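Chemist: One structure follows; several queries about it will come next.
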Amino acid sequence: MAVVANPLQIAVIGSGPAGIYAAEALLKQGGPDIKVDVLDRLPTPYGLVRYGVAPDHKSIKSIAKYLQRVLESPGVRFIGCVELGKDITSADLLDCYDAVIYCTGAMVDRQLGIPGEDLPGSVAATDFVNWYCGHPDATGLEFDLSVDEAAVIGVGNVAVDVVRILAKTADELRESDAPEYVIEALADSKIRRIHMIGRRGPAQAKFTTKELRELGELENAAVSVRPEDMELDPASAALEESDRHVRGNLKVLRGWAALEPDDRPRRLDVRFWLRPVEIRGDGRVEELRLERTALNDDGRVTGTGSYEVLPAGMVLRSVGYKSVPLPGVPFDERRYVVPNDAGRIIDPDGAPVPGEYVAGWIKRGPTGVVGTNKSDAAETVRSLLADLPAGRPHEGKSIDGLLEERGVACVTYTGWLGIDAAEIALAEKLGRGERVKLAGWDAMRAVWGA
């Protein structure tokens, strides 16, 4: 373990799992004298654990308790409501700290790139997830749930979450932490049929078996799979033979393909081998044109020239996340990551950028589960501590003085605890589970007093 004789001051930008795991790794690898400030644009920590994990996934959300212990460790501070590029720059950070680790994740959705994608009723899954998770930026968003049918493009875990939330009744979500406006909107939903569409086959789907099974456990919706979609080409059959995860998914899907849909109020159609080619409608989404697909000899998806049109008043695009460039930080526009070598940020010539590091999705892309960020952050911290001379005291500016000078109204960890307590109290008042998220910036500002 690297030993630091005098305190090193490190900034971690982003308080999601990657950022907090980076703070933990700094403490474990760097010794007790290291000082870590975890800065975030939001007044609340935990990133996607708070604003990406579906409200009915309480077991996954429980990881926040572990992350909380890291934030409460001696030598760690949480500083909320500080935005990189607006309140501070990367140069400011290097003036105030010995090193910086950027852990800002992947914040926007990938687009389909088809005609009609911008019609009202065509929705990025990221926006819908932010809405039902109570992200403060999404408070003003509205979604028309008065339509009969909705289509979710994508067969990953985010798509499964979106489908499940659309299929559940408001009563099923009442014990979750979803804001009241979400419960009220879902109570008025008229959606009765939901299509989940993948452009590849069932063997190539990215959802996990555990997530997939949850669709079959819904009280309010029956799942339907077309038997012909389960016919495997040789490449898919080889995947089933070699991959336990694929075998688990196929077992669940075959079980549904053998069932006749029952008379539950809602129906979920899981479709494969279809790619969207056009979203149509007169002033808003009315239907989705799809092309039948197949795998060619190289394993690539190709169109077959066979088309169908699906009625849908709402289309939700869930075809992946991507990171956005950080001001003043190198960025790979093709891979949507910060170029790096074991977490060391590298410039266009391939040379390491002194003092700047990266961890999480912005380092490797949106892959893995929450726990993947732990080993990823540990690798970055090993690189950082190997680069910094042990025992070097920091002689730069104070971040506290800089933020005060610029009039930035920061939120301390105590301020976050005030929001936390207010959400617990709101749940008790409403008779709803353990917590109910405060709806929007103004509601949170009223608590922390900004």
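Chemist: Taking every alpha carbon pair in region 313-441, what does the distance histogram look like in 5 angstrom bins from 0, in percent?
Modeler: So the P(r) values, bin by bin, are 2, 8, 11, 11, 12, 16, 17, 11, 7, 4, 1, 0, 0.
Chemist: Between Ser176, Ser236, Ser306, find the one with the highest GNM mean-square fluctuation for the chain; connect C-alpha pairs within less than 10 Å.
Modeler: Ser306
Chemist: Could you give the dipole magnitude of the chain about its Cα centre, charging the beta-carbon of Lys and Arg +1 and that of Asp and Glu -1, in debye to the nearest 20?
Modeler: Rounded to the nearest 20 debye, it is 800 debye.
Chemist: Next question. Could you tell me whether region 102-169 comes out rounded, prolate or oblate from its Cα gyration tensor? Rule is a ≥ b ≥ c as square roots of the eigenvalues, rounded for a/c under 1.5, then prolate if a/b exceeds b/c, otherwise oblate.
Modeler: The shape class here is rounded.
Chemist: Roughly speaking, what is the centre-to-centre gap between region 1-73 and region 160-212 when only Cα atoms are used, to the nearest Å?
Modeler: So the two Cα centres are separated by 29 Å.
Chemist: Quick one: Cα centre-to-centre distance for region 352-422 and region 243-267, in angstrom?
Modeler: 43 Å
Chemist: Here is a further query. Taking region 48-125, how much of its Cα-Cα pair set, in percent, is spaced more than 18 angstrom apart?
Modeler: The proportion of pairs with Cα distances above 18 Å equals 66 percent.
Chemist: Above 19 Å lies some portion of the pair distances; for region 205-264, what is it as a whole percent of all C-alpha pairs?
Modeler: Tail of the P(r) past 19 Å holds 31 percent of the pairs.
Chemist: Classify region 1-94 from the C-alpha gyration tensor, please: rounded if a/c falls under 1.5, else prolate or oblate depending on whether a/b exceeds b/c.
Modeler: Because a/c hits 1.5 or more and a/b fails to exceed b/c, region 1-94 counts as oblate.
Chemist: Then there is this: Looking at region 166-313, I'd like the Rg to Rh ratio, where Rg is from alpha-carbon atoms and Rh is Kirkwood's inverse mean 1/r.
Modeler: Radius of gyration relative to Kirkwood radius: 1.00.
Chemist: Mind listing which GluC sites (Glu not before Pro) in region 62-169 are in a DSSP loop and have 16 or fewer other Cβ atoms within 10 Å? Show your work: numbers first, answer last.
Modeler: Numbers: sites: Glu72, Glu83, Glu117, Glu142, Glu149; in loops: Glu72, Glu83, Glu117, Glu142.
Taking region 62-169 and a limit of 16 other Cβ atoms within 10 Å, the loop GluC sites (Glu not before Pro) found are Glu72, Glu83, Glu117, Glu142.
Chemist: Please find, in a Gaussian network model of the chain (springs between Cα atoms separated by less than 10 Å), the residue of Val309, Val225, Val285 whose mean-square fluctuation is greatest.
Modeler: Of the options given, Val309 has the highest mean-square fluctuation.
Chemist: List the residues whose amide H sits under 5 Å from the amide H of Ala312, counting only those 5 or more places along or on another chain, with H placed 1.01 Å from N in the peptide plane.
Modeler: Glu287, Leu288
Chemist: In whole Hz and in residue order, list the ³J(HN,Hα) couplings for region 67-75 that follow from phi through the Karplus curve 6.51 cos²θ - 1.76 cosθ + 1.60, θ = phi - 60°; x for Gly and Pro.
Modeler: Each residue's phi maps through the Karplus curve to give 4, 4, 4, 5, 4, 8, 6, x, x Hz.
Chemist: I need the Debye-formula profile for the chain: one equal scatterer per C-alpha, no solvent, reported as log10 I(q)/I(0) at q = 0.07, 0.11, 0.13 1/Å, two decimals.
Modeler: With no solvent term, the Cα-only Debye profile gives -0.39, -0.93, -1.21.
Chemist: Could you size up the charge dipole of region 171-310 around its Cα centre, putting +1 on the beta carbon of Lys and Arg and -1 on that of Asp and Glu, and report it in debye to the nearest 20?
Modeler: Charge dipole, region 171-310, about its Cα centre: 360 debye, nearest 20.
Chemist: Continuing with the same structure: Output the 0 to 90 degree angle, nearest 10, between the alpha-carbon long axis of helix 244-257 and the longest principal axis computed from the alpha carbons of the chain.
Modeler: Compared with the principal axis, the helix lies near 40 degrees.
Chemist: Could I ask something else about it? Using the structure shown, list the pairs from Lys28/Lys251; Lys86/Lys206; Lys28/Lys168; Lys65/Lys363 with a Cα-Cα distance above 32 Å, or answer none.
Modeler: Checking Cα-Cα distances, Lys28/Lys251; Lys86/Lys206; Lys28/Lys168 exceed 32 Å.
Chemist: Give, rounded to the nearest 20 debye, the magnitude of the charge dipole that region 302-450 has about its Cα centre when Lys and Arg contribute +1 at Cβ and Asp and Glu contribute -1 at Cβ.
Modeler: 400 debye
Chemist: Compare the Cα positions of Val252, Ile165, Pro276 along the charge dipole of region 108-321 (+1 at Cβ of Lys, Arg; -1 at Cβ of Asp, Glu; about the Cα centre) and return the one farthest towards the positive end.
Modeler: Checking the options against the dipole of region 108-321, the answer is Val252.
Values in this text are rule-based calculations from the coordinates and carry no lab data. Bear in mind that the values here come from a model prediction, so they are computed numbers and not experimental data. Heads up, the Cβs are rebuilt from the backbone with ideal geometry, glycines too, and the neighbour counts pull from every protein chain shown.
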